[in-house]
Amino acid sequence: MKIAQSFSRLGTESAFEVLAKAKKLESEGQEIINLGIGQPDFRTPQHIVEAGKKALEDGHHGYTAANGTLELRQSVSAHIKKMYSATIDPSRVLITPGGKPTMYFAMMLFGEPGAEIIYPEPGFPIYESMINYSGAKAVPMYLSDKNNFSFNVKKVLSLINDKTRLLILNNPQNPTGGLIPKDQIDELAKGLEQYPNVAIMSDEIYSRQIYDGNKMPSFFYYPKLYDRLIVLDGWSKTYAMTGWRLGWSVWPEQLIELVTRMAINSYSCVSAANQVAAIAALDGPHDFLEDMMSKFNKRRKLIIEGLNSIDGINCNNPGGAFYVFPNISETGLTGAQFADKCLYEAGVAIVPGTSFGKSANDFVRFSFANSYENIEKALEKIKNIL
Ligand code: PLP
């Protein structure tokens, strides 16, 4: 067999490797507390599950339009209007199996040898992987714990040159939990007006997971950029629906036909019954979200205080998502050594920082998508082994 060269450039998401190691230890009888996982530890709200079940009973068994049903795309438009007072025609909405295909399509649209794509580092590993796969040059935009993982707008803009095709942003961020404040995004959006050839992909998958009373600093607030703006969001994190594989994205008018063709060439459409459930999620009650966020917030405080009370660990204060990304360099260990020690000696699964970028050797990612009690226990165990 001769495999295409491009596959030698394809990366992976090593959080899944941590999960596999943890599962192996569990199967050998060890108790593992999993703080490596990137999904809410809640069940999908019952009214959404019921809507999905009913859709199957009602015969939603066939293909739908490749870009998603009109009813669902209208529901997404109404959601965007409600959240950001932005008017987005449903024809610009693409329904995808999870958020990831949006990244894939964006990278396939803009990436090729000779092109450059800017991405956050540390960041969601699929960005760098897909840029490399496309053949484009991956240009890191470094984020530092010195400023709570925000960025310097001038520095970001200085990365742009005439080969730059796409700028990727993720806010709130995985893995750091950082929330780039609205005034920084305002400044960046203003600066980007000077670069009309650069498209923007704003990954806003954690848009409803924000703390301290802040509002989501969405790119939907900048209509001047709409003709080159891609916004990625979805149901996975907000509605605890990672396994349903449901995402949505908004594309410039000029691109929607092309990405719909990508959908037709790959997955045809998203499961018909799941699209009905997705409408129930967007249009239905949202009180469970408050409950989920109040639990996340309590755990966030616990984990920040707990980690900062351990010698050698310096933990940032995340403004969003459900991750913390502490600097552990003062323990004398690298992030990878620290994560292994936690797993094999304390039975706590976490992800080394380098899974999210080469610059993050001194960091590890803790997810607080686990119960308060388990987080308390995990902190105690880590304190003991150190
Ligand atoms: N974007 C970011 C920043 C993520 O962390 C994730 C999942 O972890 C995704 C997108 C993909 O989400 P989905 O499971 O909907 O494909």
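Nothing in this text is a laboratory measurement; each read-out follows from the coordinates by a stated rule. Everything numeric in this text was worked out from a predicted model, so none of it was measured. Cβ: placed from backbone, ideal geometry, glycine included. Neighbour counts: every protein chain shown.
Mean residue ellipticity at 222 nm, helices only, the chain: -12000 deg cm²/dmol; runs of at least 4 DSSP H residues each add -39,500 (n - 2.57), and the sum is divided by the number of residues.
In the elastic network of the chain, a GNM with C-alpha springs shorter than 10 Å, the most mobile of N274, N147, N171 is N147. The protection proxy used here, the mean number of other Cβ atoms lying within 10 Å of each residue, ranks peptides 8-19, 152-163, 352-363 as follows, highest first: 352-363, 8-19, 152-163. Distance between the 7 Å Cα→Cβ label points at Q337 and D287: 5.2 nm. Running a GNM on the chain with Cα contacts under 10 Å, which residue among I350, I185, I80 ends up with the highest mean-square fluctuation? In the Gaussian network model the winner is I80.
Computed from the Cβ-Cβ distance with R0 of 41 Å, the FRET efficiency linking S85 to S6 stands at 0.45.
Label zone of L159 (point 7 Å out along Cα→Cβ, amide N under 18 Å): in region 208-231 this covers 219, 229-231. Within the shell of other residues whose beta carbon sits under 14 angstrom from the beta carbon of I88, the net charge comes to -1, with Lys and Arg scored +1 and Asp and Glu -1. Using bins of 5 Å that start at zero, the share of Cα-Cα pairs per bin across region 29-112 amounts to 3, 10, 11, 16, 20, 17, 10, 6, 4, 2, 0, in whole %.
Whole-percent P(r), the chain, all Cα pairs, 10 Å bins from 0: 5, 23, 32, 27, 12, 1. Placing a label point 7 Å from the Cα of D227 along the Cα-to-Cβ direction, no residue of region 94-116 has its backbone N under 14 Å from that point. Using every Cα-Cα pair within region 191-348, state what percent have a distance larger than 27 Å. Looking at region 191-348, the distances longer than 27 Å represent 46 percent of pairs.
Debye-formula intensities of region 306-386, expressed as log10 I(q)/I(0) at q = 0.24, 0.26 Å⁻¹, are -1.29, -1.52 (one equal scatterer per alpha-carbon, no solvent).
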